[in-house]
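The values are calculated or read from the model by the stated rules, or taken from the named source; none is laboratory data. Keep in mind that this is a model prediction, so the values were computed, not measured. Here Cβ is always computed from backbone atoms with ideal geometry, including for glycine, and neighbour counts include all displayed protein chains. These area figures cover heavy atoms from the full protein model, side chains too; ligands, DNA and RNA do not enter into them. Shrake-Rupley method; radii C 1.70, N 1.55, O 1.52, S 1.80 Å.
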Amino acid sequence: MALAALLWEMVRLWWSFTNGAVLMVFAAAGGLWLAVFYLSDRKKNRDRWQQAGRDVIVVHCLSPGRFTPNTSPFVMKLLTFLRLARLPHLVDHEEPFGPKGKTPWITLNGEDFTDSHLIIEMLSDQYNIDLTNSLTAEQRAAAKAFTVMIDEHVCWCLRAWRFGEDGGSNLKEGLSLPFYKRLLFPLFVREQRTALWHQGVGRHSHAAVRAMMKEDLLALSKYLGDKPFLMGDTACAVDCSMFAFLANILYNYNRSPYYAVVNEELVNLRQYVERLKSQLWPDWDECLASP
């Protein structure tokens, strides 16, 4: 990104002293140089990932946050699953966005896989991991329904506050960004607002979205009750989603109305987060970005 910014400034200055034809030649040469540089750098990354070892999962994601090991709930979901399943992995931040432009994604034995949900399903099949084998068919169905609710509804309701109401300010406080990425942050917020509009949640009033979100949190709280995990005595994949999003609320949404709901009203949800954090993330503080 820094190289691209430098190149753009050079192009702008060159435009001031030359005509468009010269600029086109310069831009083409610069573009070719950037392409060669990118391919060379990518090959170095590939070689480095390969050195991780056979069957070691390389997780590609954004840099650590200041209050959570990652500000993306889907990254936290995948990392929590890997810890729960005790699968060997390492985290890499060099290329956070994968072939489909999404984060997280993984490299495993030279192959790329994207989307946290699909990655978890693939790894479960490949390593013969079934975290729901102690559940009844009815409990499995409930776990599936709750996972969809969290990943597809809670997710967008939280984004509506994060980018629609708060304008990304609370998120920005939790990110460790170089100056040039901070300059581009307003464009990122605008892109997220556009996505919210197209998805549909962004078309509702803030009050309506808050009411929907509180209903979701209340449903999770009632179903959890006094159980250690959502489905009972054993943690499964739905707990990875639930923990990721609730932890995000408690640590990255401290100015949101949902923080008070989880921290003060639905106390069993806060206790749930603290319990899983203690069990699966004993090194939580070591995983955060440096102050």
Leu177 is checked against (1) at pLDDT 95 or above; (2) under 18 Å from Ser72 (Cα atoms); (3) not in a helix (DSSP H, G or I) and fails just one. What number does that condition carry?
-> (1)
Does the stretch 209-217 contain any residue that is in contact with a Cys (Cβ under 8 Å, 6 or more places away or on another chain), touching a residue at least 60 places away in the same chain (Cβ under 8 Å) and open to solvent by less than 40 Å² (accessible area, probe 1.4 Å)?
-> yes
Write out, first by first residue and then by second, each pair whose Cβ atoms fall under 8 Å of each other, whose residues are 6+ apart or on separate chains, and whose first residue, in the stretch 142-168, is more than 11 Å from Val201 (Cβ to Cβ) while the second is among the acidic types (Asp, Glu) and open to solvent by 10 Å² or more (accessible area, probe 1.4 Å).
-> Met149/Asp216; Ile150/Asp216
Is it true that some residue in the stretch 61-76 is surrounded by fewer than 16 Cβ atoms within 10 Å (Cβ to Cβ), modelled with pLDDT under 90 and either in contact with a helix residue (DSSP H, G or I) (Cβ under 7 Å, 6 or more places away or on another chain) or not acidic (Asp, Glu) (or both)?
-> no
Pick from the stretch 216-248, criterion out of contact with any helix residue (DSSP H, G or I) (no Cβ under 8 Å at 6 or more places or on another chain) and assigned to a loop (DSSP other than H, G, I, E, B), ranking: farthest from His117 (Cα to Cα) | Lys227
Identity of the residue in the stretch 77-105, in contact (Cβ under 8 Å) with a residue 40 or more places away in the chain, part of a loop (DSSP other than H, G, I, E, B) and not β-branched (Val, Ile, Thr), that ends up most open to solvent (accessible area, probe 1.4 Å) | Glu94
Out of the stretch 260-279, which residues are under 19 Å from the mean Cα position of the chain (by Cα) and open to solvent by 30 Å² or more (accessible area, probe 1.4 Å)?
-> Lys277
